[in-house]
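Quick notes on the structure that follows.
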Amino acid sequence: MNRNIKPLAAFEILYIIGIIAISFSSIFVRWSNADVSVIAMYRLYLTNLIMLPLVWKYRTEIFHLTARQWYLLTASGIMLGLHFLLWMGSLRLTTVASSTVILTLEPVLVMLGSYWLFKAKASRIMLAGMGIAMVGSIVIGSGDFSLSREALLGDILSFLGTVAVAVHMLIGKQLRKDMSAFAYNFWVFFMAATALAFYNAARGYSFTGYSTKEWGIFLLLAIVPTLFGHYLFNWLLKHMSATAVSMSVLGEPVIASLLAWVLLKEALTAYQLAAGALILFGVWLFIRHGKE
C-alpha cells in the first residue's frame with residue numbers, strides 16, 4: 001500500500017513546484033529593463049544551452065526528422081516566440097494579476113481549436129464555463145480601460161499572446177504523438193528563440209552590452225519557469241492525467257499576483273478580484289468537465 005502512495009506524493013510535489021516556478025516568470029520580466037523580445041530570446045537560447053548535454057542521448061531522433069515535422073516545429077516555435085513577445089509586452093502595460101489571469105483562457109482556446117481542427121466535442125457545462133471565463137475577461141478589460149488605455153492595451157496583448165500559445169499547443173499535440181518531450185522542446189525552444197532573434201535584428205535591438213543583473217534574470221527565466229515549469233509539466237503528462245496538468249493554469253495567476261503584491265508592491269483592485277474569480281471559476285468548470 002505504501003509503495004503506491006509514495007510515487008503519487010512525489011508527482012504531486014513536482015506539480016506544485018511547477019506551478020510555483022511558472023508563477024515567477026512575470027516577476028522576473030518586470031525586474032528586467034531589457035526589451036521583452038530580447039528577454040524571451042535569451043530565455044529560450046539559454047534553456048537550449050542547459051539542455052545541450054542531453055542532445056547526444058537523443059541524437060537519432062533529434063537529427064532525423066521528416067519534412068512535415070520540421071515544418072510543424074517551425075510553426076510551433078514561431079507561435080511560442082509570438083506568445084512570449086506579446087505576453088511579456090503586456091507586463092509592461094498592465095498588472096501581473098490582469099495579465100496572468102487572462103492566460104488561464106488557454107485551455108478554452110485550445111478546445112475551440114480542437115473543435116475546429118479535430119471535431120472535438122464539448123459538453124454544456126464546458127460551454128458554460130467558457131462563457132463565464134470570457135465574461136470575466138471582458139470585465140477585466142472594462143475595469144482596466146477605466147484605469148487607463150495603456151492597461152487595456154496590456155490586456156489585449158495578453159489575450160493575443162494566449163491565442164498564440166493555444167495555436168502552439170495544438171501544433172504540439174500533433175507533434176508529440178511521434179516525438180519525445182525532449183526532442184520537441186529542444187527544437188521548439190530553438191525555433192522560437194531564432195524567430196525572436198530575427199525580430200530583434202530587424203528592430204535594431206542590441207544582442208550584447210547587458211549588465212550582469214540582466215544576464216542573471218535571463219538565466220533565472222531559463223531555469224525556473226522554463227525548465228522547472230513548462231518542461232516539467234510536459235514530463236508529468238506521462239505520469240498524471242492531462243486534465244490534472246491543465247489545472248496548473250489556475251494556480252499561476254493566484255501565486256503570481258501574491259508574488260507581485262509582495263515583491264512589486266502591486267495592489268489588487270476590486271475589478272481584478274471579481275473578474276479573476278469569474279475567469280478562474282469558468283476555466284475550472286471547463287477543465288473539470290473536459291474530456292481526456
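The set of residues in segment 16-56 that are outside any helix (DSSP H, G or I) and either surrounded by 19 or more Cβ atoms within 10 Å (Cβ to Cβ) or touching a residue at least 40 places away in the same chain (Cβ under 8 Å) (or both) comprises PHE24, SER32, ASN33, ALA34, ASP35, VAL55. Output the residues belonging to segment 172-192 that are farther than 16 Å from LEU232 by Cβ, buried (at least 22 other Cβ atoms within 10 Å of the Cβ) and either basic (Lys, Arg) or under 15 Å from the mean Cα position of the chain (by Cα) (or both). Matches in segment 172-192: ALA192 only. Just one of the listed residues (SER257, SER180, SER206) is closer than 24 Å to VAL36 by Cβ, in contact with a helix residue (DSSP H, G or I) (Cβ under 8 Å, 6 or more places away or on another chain) and at pLDDT below 90, and it is SER257.
Residue-level analysis places ALA222 outside the set of residues that are farther than 14 Å from LEU46 by Cβ and buried (at least 18 other Cβ atoms within 10 Å of the Cβ). In the condition set (1) closer than 22 Å to PHE24 by Cα; (2) at pLDDT 90 or above; (3) assigned to a loop (DSSP other than H, G, I, E, B), LEU65 is compliant with all but (1). Quick one: is ILE171 modelled with pLDDT of 80 or more, of a type outside the set (Asp, Glu) and out of contact with any Ser or Thr (no Cβ under 7 Å at 6 or more places or on another chain)? For ILE171, the condition - modelled with pLDDT of 80 or more, of a type outside the set (Asp, Glu) and out of contact with any Ser or Thr (no Cβ under 7 Å at 6 or more places or on another chain) - is not met. Any residue that is surrounded by 12 or more Cβ atoms within 10 Å (Cβ to Cβ) and among the small types (Gly, Ala, Ser) - is there at least one of those in segment 58-67? No, that holds for no residue.
VAL163 meets each of the listed conditions (1) under 15 Å from TYR71 (Cα atoms); (2) assigned to a helix (DSSP H, G or I); (3) not acidic (Asp, Glu) apart from (1). If you check THR94, THR100 for being in contact (Cβ under 8 Å) with a residue 60 or more places away in the chain, surrounded by 20 or more Cβ atoms within 10 Å (Cβ to Cβ), assigned to a loop (DSSP other than H, G, I, E, B) and not charged (D, E, K, R), only one passes: THR94. Taking first residues from segment 227-245 that are over 17 Å from THR104 (Cα atoms) and in a helix (DSSP H, G or I) and partners that are modelled with pLDDT of 75 or more and not small (Gly, Ala, Ser), the Cβ contacts under 6 Å between residues at least 6 apart in sequence or on separate chains come to TYR231/ASN185.
The values are calculated or read from the model by the stated rules, or taken from the named source; none is laboratory data. Since the structure is predicted, the reported quantities are computational estimates derived from the model, not experimental observations. With ideal geometry, Cβ positions are generated from the backbone for all residues, glycine too; neighbour counts draw on all protein chains shown.
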